[in-house]
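Below you'll find the structure, written out as structure tokens, and then a few comments.
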Amino acid sequence: MEALSDNALMIAVRDGDTGRLGLLFERYKRPLYGFFYGMNRNQELSEDLVQNTFFRILKYRHLFRGEGDFRTWMFHIARNVSHDHFRKDKLKWKESLESWQNKLGHEENREGEMQLTETNAMLSMAMDRLPQDKKEVLLLSKYQEKKYKEIGEIIGCSEGAVKVKVFRALQELKVIYQQLEKTM
């Protein structure tokens, strides 16, 4: 039996077969959790935001036209859920060392592990100092591995503008990281 595409499942949900949303949830709960956790470094909050995203998907299912990619539509909603949460509660975003270690990999020897831990700590601190919009675009491009075109659809700008935003975010991250290196 061939698996239904994301768009086909969402069209079924839109047309009243809301049970199909469970399949989409199973497919996307981890990527969404990773996106939220990368933004706020809080496990419980990230789980709540995933739930809120799927609640909104259900609530606004009638707006899904099926013309574009479901994932792009979903991450657009997820981004709005995140912005609404932080705007309402005015929370500061936090960083966690473990998440960055998973992305950067592990060294075999003790010296390599110590150096990696130091690098991760500084990267985490540098990311924490980035403005929210730059942090978001880096998480979408580098950690969620979204294409620039998809990110543009999510954040509402052109592919070219996304390239510029990612470049500038990386440049600022590099400057912050180098400043931290000098102080350590």
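The values are calculated or read from the model by the stated rules, or taken from the named source; none is laboratory data. Since the structure is predicted, the reported quantities are computational estimates derived from the model, not experimental observations. Cβ coordinates were reconstructed from backbone atoms using ideal geometry, including for glycine residues, and neighbour counts include every protein chain displayed.
Observations on the structure shown:
- The set of residues in the range 1-29 that are closer than 14 Å to Arg71 by Cα, assigned to a helix (DSSP H, G or I) and among the polar types (S, T, N, Q) contains only Asn7.
- Residue count for the range 30-68 under the criterion of being within 25 Å of Leu4 (Cβ to Cβ) and assigned to a helix (DSSP H, G or I): the result is 19.
- Per-region count, the range 151-184, residues loosely packed, with under 13 Cβ neighbours inside 10 Å and among the acidic types (Asp, Glu): 1
- Flag if Arg79 is under 18 Å from the mean Cα position of the chain (by Cα), within 30 Å of Arg61 (Cβ to Cβ), at pLDDT below 75 and charged (D, E, K, R): no
- Each residue in the range 26-57 was checked for being of a type in the set (A, V, I, L, M, F, W, C) and surrounded by fewer than 16 Cβ atoms within 10 Å (Cβ to Cβ), and 1 pass.
- Any hit, the range 13-20, residues being buried (at least 16 other Cβ atoms within 10 Å of the Cβ) and under 20 Å from the mean Cα position of the chain (by Cα): no
- Residue in the range 127-145 that is loosely packed, with under 13 Cβ neighbours inside 10 Å and modelled with pLDDT under 80 present: yes
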